[in-house]
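*Asks:* This is the structure I have questions about; it appears just below.
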Amino acid sequence: MLIIPIKDGENIDRALKRYKRKFDKTGTLRQLRSRKNFTKPSITKRAQLQKAQYVQGLRDAVEF
């Protein structure tokens, strides 16, 4: 359960924005969506490899 302490005189919109940011950082919704459908371990591994190759390509492009 997320607890967001509201300071005296703080705008409710600002507190709601802090709540949303904290909720996003926990990754609850992402985890829920990923568990909705089963993905084979080989597909997960392939996606991680592709992401690593993409990031490495970006890093190589920055060096030049």
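*Asks:* Does the chain come out rounded, prolate or oblate by the C-alpha gyration tensor, with a ≥ b ≥ c the root eigenvalues, rounded set by a/c under 1.5 and, if not, prolate when a/b is larger than b/c and oblate if not?
*Replies:* Working: a/c = 5.51, a/b = 1.70, b/c = 3.24.
Verdict is oblate for the chain.
*Asks:* Could you please report the charge total around residue 31, scoring K, R as +1 and D, E as -1 over all other residues with beta-carbon less than 13 angstrom from its beta-carbon?
*Replies:* Details: positive: 25, 30, 33, 35, 36; negative: 24.
Combined, the nearby Lys, Arg, Asp and Glu give +4.
*Asks:* With all protein chains present, how much of the accessible area of the chain (probe radius 1.4 Å) comes from carbon and sulfur, to the nearest whole percent?
*Replies:* 57 percent
*Asks:* Determine ³J(HN,Hα), in whole Hz, for all residues of region 36-46 in sequence, where each value follows from phi through the Karplus function 6.51 cos²θ - 1.76 cosθ + 1.60 and θ = phi - 60°; x replaces Gly and Pro.
*Replies:* For region 36-46, the Karplus curve yields 5, 10, 7, 10, 5, x, 5, 5, 4, 5, 5 Hz.
*Asks:* Can you compute the helix-only [θ] at 222 nm over the chain? Use -39500 (n - 2.57) per DSSP H run of at least 4 residues, normalise by all residues, nearest 500 deg cm²/dmol.
*Replies:* The helix-only estimate for the chain comes to -24000 deg cm²/dmol at 222 nm.
*Asks:* Compute the acute angle (0 to 90°) between the alpha-carbon long axis of helix 12-26 and the principal axis of greatest extent of the alpha-carbon atoms of the chain; round to the nearest 10°.
*Replies:* 30 degrees
*Asks:* Using +1 at the Cβ of each Lys and Arg and -1 at the Cβ of each Asp and Glu in the chain, identify which of 2, 29, 12 lies farthest towards the dipole's positive end.
*Replies:* Most positive-ward Cα: 29.
*Asks:* Continuing with this model, one more query. Using a probe radius of 1.4 Å on heavy atoms only, what accessible surface per residue do you get for region 4-64? Whole Å² is fine.
*Replies:* Computed with neighbouring chains in place, this is 102 Å² per residue.
*Asks:* In addition: Just to confirm a number: summing +1 for Lys and Arg and -1 for Asp and Glu over residues other than residue 10 whose beta-carbon lies under 14 angstrom from that of residue 10, what do you get?
*Replies:* Once all neighbours under 14 Å are counted, the net charge is +2.
The values are calculated or read from the model by the stated rules, or taken from the named source; none is laboratory data. The model shown is predicted, which means the values in this text are computed figures rather than measured ones. Positions of Cβ are generated from backbone atoms using ideal geometry, with glycine treated the same way; all protein chains shown enter the neighbour counts. Please note that ligands, DNA and RNA were not included when accessible areas were found on the heavy atoms of the full protein model with its side chains. Shrake-Rupley method; radii C 1.70, N 1.55, O 1.52, S 1.80 Å.
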